[in-house]
Amino acid sequence: MASLTHSTPHRMRRAQPMKLLTSGAGIVFVLYVLLYAIYASLQPSALSSSTFTNLVNNSVPLAIAAAGETLVVLSRGFDLSVAGVISLTNVLMAVYPQEGPFGALVSLAICLAVGGIVGAVNGWLVAILRLQAIAATLATMIVCQGLALVILDAPGGMVADWVSYELTDRLFGVLPISGLFVLAVVLAWLVFKRTNLGLGLYAVGADEQAASLSGISVIKVRFAAFVGAGMIYGLAGFMLSAQTATGNPNSGTPFLMLAFAAVALGGTSLSGGRGGLIGSILGAATLMLLQKVLFSGGVSSFYTGIFQGVVLVLAIVFGSAFARLTGRRTTA
Amino acid sequence: MTSQVDVMSKFQAEQDTRKARRIDRHTVSAIAVFVLCVVLILASRLVSPSLGSWQQVLTVLTLASFLVVLSFGQGLVILTGGLDLSLPAVITLGGVLTTTWIGNGPGAWYMLPFVLAICGGVGLASAIGIVWLKVPPFIMTMATSIIVSSAALGLTNGTPRGASPDVLLLLMKGSWLGIPAPVYFLVIFAVVGWIVQSRTVFGRYLYALGTNRDAARIAGVPITLVSVLPYVISAVCAGFVGMMLVGYANGATLRMGDNYMLPSIAAVVIGGSSILGGNGNFAGTVGGAILLTTVGTVIAAIGLEQGLRTIIEGGIILVALLLLREELFERLRGLSGKPRSGG
């Protein structure tokens with residue numbers, strides 16, 4: 001016990017700047033900057049504010065979805081319902097458009113509520129009834145996809161003009177508005193991380209038994225993670241609708257794989273307890289930027305996947321090798 | 001200190017009963033799943049008189065043969081505590097290579113094994129990433145999946161051509177004594193798969209590895225080999241499913257594997273295996289695969305619109321999961337009043 005209290009502050013003091021660089025978020029940030037440099041050299045317009053806004057707009061839905069997924073992954077869970085919630089909210093936005101800024105607020109509230117309800121069902125199944133997370137969220141995902149198909153059985157519909165114009169625009173001509181939503185998620189996360197629930201999230205993910213023995217309500221933490229994640233997926237569906245301006249009952253499907261890829265790329269351990277939301281957002285941005293870079297480099301879009309897969313594996317291999325070199329324990 | 005001892009002894013006691021419980025739980029699970037299948041097929045007669053016939057049972061079994069082969073590989077991977085997300089991509093790869101390289105031309109007898117070997121190579125690549133580079137299985141197989149489907153897309157320039165080799169048509173379309181060939185194949189495959197998983201040294205190694213890696217190493221299990229093989233077997237199975245689908249539909253598409261990702265996991269889980277590895281048996285998985293296929297065909301036959309069908313499918317997976325919960329079995333056992341020590 002005594003050795004623990006001695007070593008902890010010492011290690012933290014020494015590691016602070018180094019830790020930032022070797023953390024998952026740090027590595028993926030460096031990767032992003034490098035990729036952006038390549039992009040700028042291939043495509044001189046890459047540095048213009050309109051190209052950047054486009055890039056941000058493209059990345060935002062995936063970034064937010066990956067942020068939600070991170071909450072569940074941190075608690076040592078999996079949530080496949082991300083695809084279902086995004087499809088469902090997208091379809092709702094396209095079939096029941098609400099005009100004007102007030103309408104947008106109503107739509108946002110609906111999206112968050114739908115996501116929250118799905119999250120609560122997931123939480124009930126996984127945290128309280130103790131079903132296996134992959135299987136239970138698989139079922140809720142399928143049900144959500146079905147609901148989306150019932151509401152809109154083929155791509156179509158129109159998202160409210162206010163949403164699709166204003167939310168993809170720039171503030172003061174430079175700042176992409178969609179980016180502000182990501183910023184809001186990040187700020188909420190930074191606050192949440194310091195609450196008891198936020199600390200509990202890491203504790204439960206690292207060692208459920210130890211967390212429960214030290215008085216953390218595992219059920220409450222797990223449940224909250226699913227509800228929070230569900231609401232964030234709702235936001236992702238809202239932003240996707242602003243982006244595409246139309247509805248598609250299968251719009252969420254590509255997000256399933258990519259959200260997990262973004263989480264892993266951002267340095268969050270898939271066995272829970274280690275990582276964070278910011279890394280996942282950067283991971284998502286990197287995956288989307290990679291597509292742009294390959295496209296401007298003249299690579300056939302058929303082969304984009306090969307590069308995405310290789311980058312994913314390399315990022316993880318180098319991430320853990322780099323961490324080992326600088327002395328951070330990867331299994332901690 | 002004393003409280004620590006209490007806690008320890010509590011865990012100890014729980015673990016002691018688990019082994020005894022595990023044996024009947026899986027048998028009961030497998031039986032329950034099969035009973036559910038029969039009930040569902042009989043009940044479907046109420047919906048429409050054309051359902052619930054012998055013919056429908058044969059159709060279900062034919063369609064289930066794809067999922068049974070696929071979930072055998074997936075089941076082995078899950079047994080060791082992993083997960084294989086690359087199956088749909090490998091199905092597509094197997095199917096596309098079969099039609100473009102072989103088609104209905106000559107040389108099928110050596111080209112088919114060659115295509116399966118390529119698929120096995122994909123599994124080996126996943127395994128290398130997982131075992132040596134220490135990439136989590138979930139991510140590694142997702143990466144190979146993205147890479148393989150991208151390669152299949154590039155290889156065919158977006159539109160796969162060619163037809164099925166005759167031997168595959170014979171396997172999938174032939175019949176003997178009024179029963180379709182895939183049904184015989186399913187039965188043989190199920191028996192062989194069960195023997196491999198439950199009655200061979202390799203199978204026991206897989207359970208050992210999935211239960212406790214360190215203990216397995218100390219007990220002399222060849223860890224590396226036993227970790228790598230499931231991924232290779234799983235990929236070969238997926239490639240073979242691709243070939244079966246080619247024989248069934250007499251052609252390949254780039255999306256032919258897409259609908260098999262989630263069912264392959266669901267069949268294993270509904271069959272009573274833990275997604276965390278170390279337990280379950282293939283009989284349950286076969287039951288899970290047949291149950292899922294039954295549900296699919298019954299729902300399709302009712303003629304509901306796609307959305308409602310999907311909702312019901314999801315709902316049935318949920319109900320199956322809820323019914324097969326561990327606590328439920330404990331409660332049933334409590335009702336039968338069998339005394340248990342240490343529980």
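The values are calculated or read from the model by the stated rules, or taken from the named source; none is laboratory data. The structure displayed is predicted, hence computed values, not measured ones. We place every Cβ from the backbone using ideal geometry, glycine too, and count neighbours over all the protein chains shown.
Data table
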| quantity | calculated |
| --- | --- |
| Which listed residue is within 16 Å of B:Ala249 (Cα to Cα), touching a strand residue (DSSP E or B) at 6+ places or on another chain (Cβ under 9 Å) and of a type in the set (Ser, Thr, Tyr), from B:Thr99, B:Thr62 | B:Thr62 |
| Filter result (more than 9 Å from chain A (Cβ to nearest Cβ) and either charged (D, E, K, R) or over 21 Å from the mean Cα position of the chain (by Cα) (or both)) within the range B:303-324 | B:Gly303, B:Leu304 |
| Number of the exception - B:Ser273 against (1) within 11 Å of chain A (Cβ to nearest Cβ); (2) free of Cβ contacts under 8 Å to residues at least 60 places away in the same chain | (2) |
| Matching residues, the range A:265-292, being in contact with a Phe, Trp or Tyr (Cβ under 8 Å, 6 or more places away or on another chain), assigned to a helix (DSSP H, G or I) and within 26 Å of A:Asp207 (Cβ to Cβ) | A:Leu277, A:Ile278 |
| Enumerated helices (runs of 4 or more DSSP H) restricted to the range B:202-282, each holding at least 2 residues that are of a type in the set (Lys, Arg) | B:213-218 |
| Number of the exception - B:Pro165 against (1) within 12 Å of chain A (Cβ to nearest Cβ); (2) modelled with pLDDT under 90 | (1) |
| Residue check, B:Met172 closer than 25 Å to B:Met244 by Cβ and facing chain A (nearest Cβ under 10 Å) | no |
| Residues of the range B:184-219 classified as of a type in the set (Lys, Arg) and closer than 22 Å to B:Val286 by Cβ, total | 2 |
| Residues within the range A:242-264 that are assigned to a helix (DSSP H, G or I) and among the small types (Gly, Ala, Ser), tallied | 5 |
| Boolean, A:Thr253 is at pLDDT 80 or above and either crowded, with 23+ Cβ neighbours inside 10 Å or among the small types (Gly, Ala, Ser) (or both) | no |
| Single match in A:Ala229, A:Ala264 (criterion: closer than 26 Å to A:Cys144 by Cβ, within 14 Å of chain B (Cβ to nearest Cβ) and in contact (Cβ under 8 Å) with a residue 12 or more places away in the chain) | A:Ala264 |
| The range A:133-192: number of residues that are in contact with a Leu (Cβ under 7 Å, 6 or more places away or on another chain), within 14 Å of chain B (Cβ to nearest Cβ) and touching a residue at least 24 places away in the same chain (Cβ under 8 Å) | 8 |
| Meets criteria (modelled with pLDDT of 85 or more, in contact with a Gly (Cβ under 8 Å, 6 or more places away or on another chain) and away from chain B (no Cβ under 12 Å)) for A:Leu105 | no |
| Options A:Ser300, A:Ser271, A:Ser251, A:Ser280; residue that is among the hydroxyl-bearing types (Ser, Thr, Tyr) and either within 30 Å of B:Gln306 (Cβ to Cβ) or in contact with a Leu (Cβ under 6 Å, 6 or more places away or on another chain) (or both) | A:Ser251 |
| For B:Ile270: the one exception among (1) closer than 29 Å to B:Thr100 by Cβ; (2) within 12 Å of the chain's Cα centre (by Cα); (3) aliphatic (A, V, I, L, M) | (1) |
| Checklist (1) within 14 Å of chain B (Cβ to nearest Cβ); (2) modelled with pLDDT of 90 or more; (3) within 30 Å of A:Thr53 (Cβ to Cβ) applied to A:Val118, failing item | (3) |
| Selection status of B:Met256, at the interface with another protein chain (Cβ under 10 Å from one of its Cβ atoms), crowded, with 20+ Cβ neighbours inside 10 Å, of a type in the set (A, V, I, L, M) and closer than 27 Å to B:Leu93 by Cβ | no |
| Among (1) modelled with pLDDT under 90; (2) within 22 Å of A:Ala242 (Cβ to Cβ) - the single one A:Ile128 does not satisfy | (2) |
| Enumeration of residues in the range B:131-162 that are among the polar types (S, T, N, Q) and facing chain A (nearest Cβ under 7 Å) | B:Thr144, B:Ser149, B:Ser150 |
